[in-house]
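Everything on this sheet refers to the single structure shown next.
The values are calculated or read from the model by the stated rules, or taken from the named source; none is laboratory data. Just so it is clear, the structure is predicted and the values come from calculations on it, not from any experiment. Ideal geometry is used to build each Cβ from the backbone, glycine not excepted, and the neighbour counts take in all protein chains shown. Each accessible area value is taken on the protein alone, full model and side chains, heavy atoms only, with ligands, DNA and RNA left out. Shrake-Rupley method; radii C 1.70, N 1.55, O 1.52, S 1.80 Å.
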Amino acid sequence: MLLTTTLHALTQKIDSIINSTIESTGLLARNIETSLAEIEDVNLEHLLEPSVRKTIQDHIKATLNSNVYCSGAGFASHIEASGSNKEFWLLEWWYKKADGVKQVNLDLDQATQQRLDFRTFEWFKQAPAVGNAFIHGPYVDYICNTSYTITSAVPVYFNKQFLGVAAIDLLVSRVEDELLPFAADNKVILTNKDSRIVFSSHPRFRVGDLLDTSVTKIVFENNYFNLYQAK
């Protein structure tokens, strides 16, 4: 049985990680929206101009520098062709390394982004419908880091039109590092709302697996995660 003090410390850390990630993602989205609104006579095609992209990049780098948990951050935009606009793709993605914040090693031209087609990614598809932060994961991010990842995404709008998604990556390994000191002597399992395991200090349950909740009991939950203890 988890001691009350241990459970309190563990759940506080879980909330700290997720709340910090969500707040940073929302702030990144709002900063991008505000910057675009301040540009005189801006239209959607201006997103591809170097000065506008630099402004977006600066917001992304500031997010990475200010949030201790996130490993990567970015902005993904796709606009369908219409009578007044050409179709265009924009993906700005940056990540942390030991020696600082760097742009991810992707060829970010229009053709490459169409081949990637981030519109198929859950964090891009689901964020507009949620309206606030959408959390996707854990999943293996084969594009950027080849590691188990959790992505927080918030929609970005321009003149009430959906423009794209601001997103932050949180490595599952970082979650493990943060939670293990509070759970090393207790067999607990943290899952997303689909029962996919995010963290486990129990040798029977592995990250990425689906948890059989019939052999566990829930001891804590928030809007995004459930914490279980083996029966």
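In a residue-by-residue description of the range 168-183, the property of being open to solvent by less than 30 Å² (accessible area, probe 1.4 Å) and under 28 Å from Ala81 (Cα atoms) applies to at least one position. None of Tyr157, Tyr142 is more than 11 Å from the chain's Cα centre (by Cα) and assigned to a strand (DSSP E or B) except Tyr157. Taking first residues from the range 120-139 that are under 21 Å from Leu211 (Cα atoms) and partners that are open to solvent by 50 Å² or more (accessible area, probe 1.4 Å) and among the basic types (Lys, Arg), the Cβ contacts under 9 Å between residues at least 6 apart in sequence or on separate chains come to Ile135/Lys193; Gly137/Arg196; Pro138/Arg196; Tyr139/Arg196. The set of residues from the range 112-126 being at pLDDT 90 or above, open to solvent by less than 40 Å² (accessible area, probe 1.4 Å) and touching a helix residue (DSSP H, G or I) at 6+ places or on another chain (Cβ under 9 Å) comprises just one member, Phe124.
Selection over the range 141-160 of residues that are of a type outside the set (Phe, Trp, Tyr), open to solvent by 10 Å² or more (accessible area, probe 1.4 Å) and touching a residue at least 60 places away in the same chain (Cβ under 8 Å) gives a count of 3.
Note on the range 145-154: residues that are touching a Ser or Thr at 6+ places or on another chain (Cβ under 9 Å) and either assigned to a loop (DSSP other than H, G, I, E, B) or modelled with pLDDT under 85 (or both) amount to 2.
Selection within the range 209-231: residues that are closer than 20 Å to Val175 by Cα and assigned to a loop (DSSP other than H, G, I, E, B). The member of this set that is most open to solvent (accessible area, probe 1.4 Å) is Asn223.
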